[in-house]
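The values are calculated or read from the model by the stated rules, or taken from the named source; none is laboratory data. Please read these numbers as outputs of a predicted model, since none were measured by experiment. Neighbour counts run over all protein chains shown; Cβ positions are idealised from the backbone, glycine included. The protein model used for the area step is the full one, side chains on, heavy atoms only, and it has no ligands, DNA or RNA in it. Shrake-Rupley method; radii C 1.70, N 1.55, O 1.52, S 1.80 Å.
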Amino acid sequence: MELIIVKDYAALSQRAANLIQAQLTWNPQSVLGLATGSTPVGMYDALVKMYQDKAIDFSQVTTFNLDEYLGLGQDNPQSYYAFMHEHLFKHINVNKEKIHIPNGLSEDIQSECLAYEKSIQLHGGIDLQVLGIGHNGHIGFNEPNVEFEAKTHVVSLDQETIEANKRFFDSIEDVPKKAISMGIKTIMKSKRIVLLASGEGKADIIAKLVKDEISPNVPASVLHLHENVVIIVDEAAASKL
Ligand code: GLP
């Protein structure tokens, strides 16, 4: 596990965007695993800027998002589908047919999960997976007491996660209680993983992740078992290390 500490959020965002740019220079047909949440927004902004400056080309890229809320359709502004289009996809030359986000409105959720997992494998697996981290150590929507062997599946959100995510909704009642998420096994199969964390609010969980032993109580701790993980944190998130 490589730990990179940078000064602030701007530096973190640029550093993460540079990793993606390098990945696409190395292999323009890369399969990218993408994340939502506030943390990667700056990285997406930096990628859009690179695209406008003609420094990056997404035309051959395939993307798979980590998760989607159950019950929210693509036209719901709070869906992760809408989030990704707003922050990244509508600004770049990604082929819309190569974008994959679980369908939160699927009538057969089990088949949706199986098909999502299979599609990742059919595309040769994820080359570079971007992750944020929840205050409770979740990655994707894999909450504490996680099943390390799980593939893409339906998850129930912890109350803490519902509280944390209510800022994106009109009221806490509007926050979906369930989601479809890649499982830990899906994430661990990625060839390379970059986890981002910014701000003082993430300092406790980053200290726990880096110092403590692997435990299902801290889902992100499983990353210690992956051989190609980069953690990029700003000084605030690193303040308890
Ligand atoms: C959400 C997402 C995660 C994300 C996490 C942290 O629940 N499902 O993928 O990493 O929250 O979000 P933020 O970056 O806003 O702190």
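Computed from label points 7 Å out along Cα-Cβ, the spacing between Lys49 and Val154 is 4.2 nm. Helices of the chain meeting both criteria, an alpha-carbon length of 20 angstrom or more along the long axis and an average Kyte-Doolittle score not below -1.0, with helices taken as full DSSP H segments, are 9-26. With a cut-off of 15 Å on the backbone N, the residues of the stretch 37-55 near the modelled label site 7 Å out from Glu86 along Cα-Cβ are 37-42, 44-45. Neighbours of Ile120, meaning other residues whose beta-carbon lies under 10 angstrom from its beta-carbon, give a summed charge of +2 when Lys and Arg score +1 and Asp and Glu score -1.
Rounded to the nearest 20 debye, the dipole size of the chain about its Cα centre is 660 debye, using +1 on the Cβ of Lys and Arg and -1 on the Cβ of Asp and Glu. Counting only protein chain heavy atoms and rolling a 1.4 Å probe, the accessible areas of Glu112, Glu235 rank, largest first, as Glu235, Glu112. Peptide packing for 32-42, 86-96 was compared via the average number of neighbouring C-beta atoms within 10 Å per residue; ordered from the highest value, the list is 32-42, 86-96. A 1.4 Å probe, protein heavy atoms only, puts the accessible area of His153 near 50 Å². For Lys189, give me every one of the lysines with a C-alpha distance below 29 angstrom, ignoring sequence neighbours fewer than eight places off in its own chain. Lys189 reaches Lys90, Lys96, Lys98, Lys118, Lys151, Lys177, Lys178, Lys202, Lys208, Lys211. Dipole of the chain computed with +1 at Lys/Arg Cβ and -1 at Asp/Glu Cβ about the Cα centre; of Phe148, Ser239, Gln14, farthest Cα towards the positive end is Gln14.
Ordering 202-214, 125-137 by mean Cβ neighbour count within 10 Å, with the highest value first, yields 125-137, 202-214. Accessible surface calculations at 1.4 Å, restricted to protein heavy atoms, place the stretch 27-224 at 44 Å² per residue. Our estimate of slack between Glu200 and Lys118, defined as 0.36 nm per intervening residue step minus the Cα-Cα distance, is 25.7 nm.
The stretch 1-60 and the stretch 225-241 have Cα centres spaced 16 Å apart. For the chain, rounded, prolate or oblate, judged on the Cα gyration tensor with a ≥ b ≥ c (square roots of eigenvalues), a/c < 1.5 rounded, else prolate if a/b > b/c? Rounded, because the longest to shortest axis ratio a/c is under 1.5.
Surface composition of the chain: carbon plus sulfur atoms hold 49% of the accessible area, using a 1.4 angstrom probe and ignoring ligands, DNA and RNA. You can think of it this way: the chain between Ala10 and Ala207 has 68.8 nm of extra reach, that is 0.36 nm per residue less the Cα-Cα gap.
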